[in-house]
Amino acid sequence: MQALDLAVANLTSPPVLAFVVGVLAAAIRADIRLPDAVYQGISLYLLLGIGIKGGVGLREAELTAIVPAVGATLLLGVSVPLVAVGLLRVLTPLGPIDRAAVAAHYGSTSLVTFTAGLVFLEASGLPVEGFAATLLAVLEVPGIVVALLLARRYLSDTDGWGHALREVVTGRSIVLLVAGLLIGAGTGAAGYAAVEPFFGGIFVGVLTLFLLEMGVVAGRRLPDVVRVGPGLVAFAIGMPILAASAGVVLGLAVGLSVGGAAILGVLAGSASYIAAPAAVRLALPEANPGIYLGASLGVTFPFNLAVGIPLYTWIAQTLG
């Protein structure tokens with residue numbers, strides 16, 4: 001598929017259209033947010049479902065294919081926040097603490113962007129390696145740690161560090177992903193067949209509902225980004241493209257398929273708004289949440305949904 005065809009297919013998909021509806025609802029101040037219990041339940045469903053499906057693929061994958069892919073993912077986890085801090089220094093007036101806080105979000109990854117990427121690639125007929133969920137779990141932590149290390153020298157009080165790192169490692173994202181991977185790897189394809197109607201058949205519908213909620217949240221964060229200036233907007237769009245392109249190149253270099261390289265690009269180009277905020281809140285309480293959430297959730301997340309995912313797929317197809 002050409003880049004324009006990929007973009008149109010993505011923009012007209014139910015999950016992305018639901019996100020747009022959510023942003024518009026925020027603009028007119030319509031209250032369509034999900035009850036907190038429903039939101040939490042959907043989050044658990046997506047995390048566990050992705051983990052189980054990934055575990056099935058992990059069980060069937062060759063170790064020689066997994067190890068290089070994990071190595072490439074770790075390299076991205078370390079390098080992306082370093083590049084992010086450098087770009088933020090040039091493009092924005094942010095101080096070192098806020099730069100590190102933003103970099104932590106871009107060094108980590110977004111489950112929902114990853115999920116939307118999987119759905120898009122499946123609809124495009126591009127298979128993805130079954131162990132892709134393992135790469136998601138691997139990329140969740142290193143970028144946050146690197147960014148927090150960059151900020152540490154500017155802090156007089158580092159007591160929150162142990163709590164922050166514990167929050168990341170034992171947070172819901174990692175625990176449920178790893179639990180799902182273990183369940184999927186333990187039961188295999190036969191075991192997954194028993195739960196496929198729940199974790200497969202209605203998956204896109206649940207994701208659509210979740211993105212409706214995310215659209216409302218993202219729409220409410222946009223004013224925070226505008227107040228910082230155009231440099232932060234440029235970073236929130238340019239950084240994902242740069243990181244995703246590196247992810248695609250590395251993915252192809254270590255032998256991933258076109259679909260696998262595309263999803264690694266999606267992972268590298270996404271920005272966390274679950275694990276990273278929890279860690280930053282504890283370790284860098286001086287950082288402004290409006291800035292790091294506004295950039296990751298208000299700009300990068302919708303950009304990736306609308307443009308980024310098809311763009312990274314096109315790059316993978318072109319280079320592959």
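The values are calculated or read from the model by the stated rules, or taken from the named source; none is laboratory data. Note that this is a predicted model, so its numbers are computed, not measured. Using ideal geometry, Cβ is built from the backbone for each residue, glycine included, and neighbour counts are taken over all protein chains shown.
Miscellaneous remarks
- Qualifying residue in region 95-106 (condition: over 14 Å from Gly260 (Cα atoms), in contact with a Ser or Thr (Cβ under 7 Å, 6 or more places away or on another chain) and at pLDDT below 90): no
- Listed here are the helices (runs of 4 or more DSSP H) enclosed by region 145-236 that have at least 2 residues being closer than 15 Å to Tyr45 by Cα and modelled with pLDDT of 85 or more: 172-196, 203-228.
- Within region 274-294, being over 13 Å from the mean Cα position of the chain (by Cα), within 21 Å of Phe114 (Cβ to Cβ) and not in a helix (DSSP H, G or I) holds for no residue.
- Subset of region 3-35 [surrounded by 15 or more Cβ atoms within 10 Å (Cβ to Cβ) and among the small types (Gly, Ala, Ser)]: Ala3, Ala7, Ala9, Ser13, Ala18, Gly22, Ala25, Ala26
- Test: residue in region 126-135 that is more than 17 Å from Ala268 (Cβ to Cβ) and of a type in the set (D, E, K, R): no
- Only one of the listed residues (Leu48, Leu24, Leu58, Leu44) is closer than 14 Å to Gly184 by Cα and either within 18 Å of the chain's Cα centre (by Cα) or modelled with pLDDT of 85 or more (or both). That residue is Leu48.
- Only listed residue being out of contact with any Gly (no Cβ under 8 Å at 6 or more places or on another chain), without any contact (Cβ under 8 Å) to a residue 24 or more places away in the chain and not aromatic (Phe, Trp, Tyr), chosen from Ile28, Ile97: Ile28
Yes/no matrix, rows are residues, columns are (1) farther than 16 Å from Ile263 by Cα; (2) assigned to a helix (DSSP H, G or I):
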residue	(1), (2)
Asp31	yes, no
Leu58	no, yes
Pro68	no, yes
Leu82	yes, yes
Val90	yes, yes
Pro93	yes, no
Val112	no, yes
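- Scanning region 36-45 for residues that are closer than 21 Å to Gly298 by Cα and either touching a Cys at 6+ places or on another chain (Cβ under 7 Å) or surrounded by 15 or more Cβ atoms within 10 Å (Cβ to Cβ) (or both) turns up Tyr39, Ile42, Ser43.
- Boolean, Leu297 is at pLDDT 85 or above, of a type outside the set (Gly, Ala, Ser), assigned to a loop (DSSP other than H, G, I, E, B) and surrounded by 24 or more Cβ atoms within 10 Å (Cβ to Cβ): no
- Verdict on Leu74 being of a type outside the set (Lys, Arg) and within 21 Å of Gly238 (Cβ to Cβ): no
- Any chance Ala72 is hydrophobic (A, V, I, L, M, F, W, C), under 16 Å from the mean Cα position of the chain (by Cα) and buried (at least 22 other Cβ atoms within 10 Å of the Cβ): no
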